[in-house]
Amino acid sequence: MKVEMMDFKAVIGQEEVKRTLISEADGGRLPHALMLTGPEGCGKMPMALALARYLCCMAKPAEGQDACTCLSCRQWEQLIHPDVHFVFPIVANKARKKENCDDWIPAWREMLLNNLYFTYSDWIQQMEVENSQPVIYTRESDNIQRKLSLKSVQGGWRIVIIWLPEKMQEQGANKMLKLLEEPPAQTMFLLVSEEPQKVLGTILSRVQRINMPRLKDEEISQALHLHLGIETEESMMVARMANGSYSKALETISSRDGSSELFQQFTSLMRLAWSRKVKEMKAWSEEMADWGRERQKDFLLYAQRMIRESFTANLHLAELNYMNREEQQFTSRFAPFVSERNAMGIMNELQEAQVHIEQNVNAKMVFFDLILQLTVLIKNH
Ligand SMILES: [Zn+2]
């Protein structure tokens, strides 16, 4: 299950901020301009979306009940609520007919629906504008002014969510001041800032600021377990490396998915070397030869790491291991085949193959030769 419901349940941890916002909303005490700040990956945008959805909800089910299915909440699930407006940094492109935030809305929606804990670099990638500096153009202030001059479509709250106000062009920020100060009735501005020190002082003085702390390791670990089914031991390890950022934790997990191809190929190599099935060994080297040189090198480096890990596991220095669950399971069975008698030999063969790949020797020959050498070495454990 991925995090997809844009309500307070989708926000990891941050219980105190949630409680404050809900009670202010219920008591009608919310300021009309609120800025959420805090380190990357602490859940500022999920919190802003949850609050906005809560304000727009027509039914407000009690806590513990199922997710609300009122019209407004259903629109929220797809980010198509007509009274919610997003402002975010973009790279305007006339040729692609993408000059306003509204033109980028499909891409923006797709990113959020895919991962509420997206990062700035995710957005750059999503826009495919790697070498440019996105900004919030001055004309967005005019656009918002125009939208707010119309009536609320559903007769309830109108929400403007501004992601990264620090990227606003100065003129646009100045144009926004009046709206922030005296917004139309039932209108709320929600600003989400990563670098509040870069936000114009005049904007800062018109918003109420809520600082969200980094997440606790346990909260990240629990969320990884709950949403991605990752076992506690591994999720705790990932959480510790994530430095309080759920985005960072997700990045770690997805880069590991990329290494699982290497893992598959490594386990086949070792199984084939043990079973000595020549026909399949040939097929394996042909498959390897089809990979690009860089990927072939990745594989050989990965194989060296796995041999090192297996040897370490064999010496029962388990705490030195740095592997995911799948790798650990394999290594625990495979470790007895890597001993002081053959570990060096295997490492040498892998390194030699790496040198040959770097020298552009025929890859099919390099990998077939490697697997042949390993059949001998594996038997001598
Ligand atoms: Zn609802």
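Couple of notes before you dig in:
- Residue with peak Gaussian network fluctuation, the chain [Cα springs, cutoff 10 Å], from MET306, MET45, MET35: MET306
- Average Cα contact separation per residue, the chain, under 8 Å, 6 or more apart, as relative contact order %: 18
- From largest to smallest, the equivalent ellipsoid semi-axes obtained for segment 109-163 from the alpha-carbon gyration tensor read 27, 17, 8 Å.
- Subtracting the Cα-Cα distance of GLN264 and SER152 from their residue separation scaled by 0.36 nm leaves 34.8 nm.
- Antiparallel DSSP beta bridges within the chain, as percent of all bridges there, nearest 5: 10
- Reduced Cα scattering model of segment 68-211, Debye log10 I(q)/I(0), q = 0.20, 0.21 Å⁻¹: -1.42, -1.53
- Counted by neighbouring Cβ atoms within 10 Å, the residues MET47, MET347 run from fewest to most as MET347, MET47.
- The trypsin sites (Lys or Arg not before Pro) of segment 1-55 meeting both criteria, a DSSP state outside H, G, I, E and B (loop) and at most 14 other C-beta atoms within 10 angstrom of the site's C-beta, are LYS2, ARG29.
- Label-point separation in nm, ILE80 to MET241, each point 7 Å along Cα→Cβ: 3.9
- Set LYS18/LYS178; LYS98/LYS167; LYS216/LYS297; LYS94/LYS248; LYS60/LYS151; LYS18/LYS216 screened for pairs whose C-alpha atoms are more than 26 Å apart: LYS18/LYS178; LYS216/LYS297; LYS94/LYS248
- Neighbour counting of Cβ atoms within 10 Å sorts the residues THR202, THR119, fewest neighbours leading, into THR202, THR119.
- Fewest neighbouring Cβ atoms within 10 Å first, the residues MET176, MET236, MET6 line up as MET236, MET6, MET176.
- D_trans [Stokes-Einstein, Kirkwood Rh over alpha-carbon pairs] for segment 6-111, 25 °C, 0.890 mPa s, µm² s⁻¹: 159
- Tensor-based shape of segment 242-291 (alpha-carbon gyration tensor, a/c under 1.5 rounded, otherwise prolate or oblate): prolate
- Dimensionless Rg ratio for segment 77-132, taking C-alpha atoms and the 2.2 N^0.38 Å reference: 1.12
- Anisotropy class of the chain from Cα gyration tensor, a/c 1.5 cut: prolate
- Taken about its Cα centre, segment 1-142 carries a charge dipole of about 140 debye when Lys and Arg each add +1 at the Cβ and Asp and Glu each add -1 at the Cβ.
- Per residue convex hull volume, Cα atoms of segment 117-201, in Å³: 121
- Inter-centroid distance (Cα atoms) of segment 216-269 relative to segment 27-78, Å: 28
- Annotation: amide H-H contacts under 5 Å for MET168 (H modelled 1.01 Å from N, sequence separation of 5 or more, or interchain): ILE136.
- 222 nm mean residue ellipticity, helices alone, for the chain (DSSP H n ≥ 4; -39,500 (n - 2.57); rounded to 500): -17500 deg cm²/dmol
- Test item: Cα-centred dipole of the chain, Lys/Arg +1 and Asp/Glu -1 on Cβ, debye: 560
- Within segment 180-281, GluC sites (Glu not before Pro) in DSSP loop having at most 13 other beta-carbon neighbours inside 10 Å: GLU231
Every read-out reported here was derived from the displayed coordinates using simple, explicitly stated rules and does not represent laboratory data. Just so we're clear, the structure is a prediction, and the values are computed from it rather than from any experiment. Note that we place each Cβ from the backbone using ideal geometry, even for glycine, and neighbour counts take in every protein chain shown.
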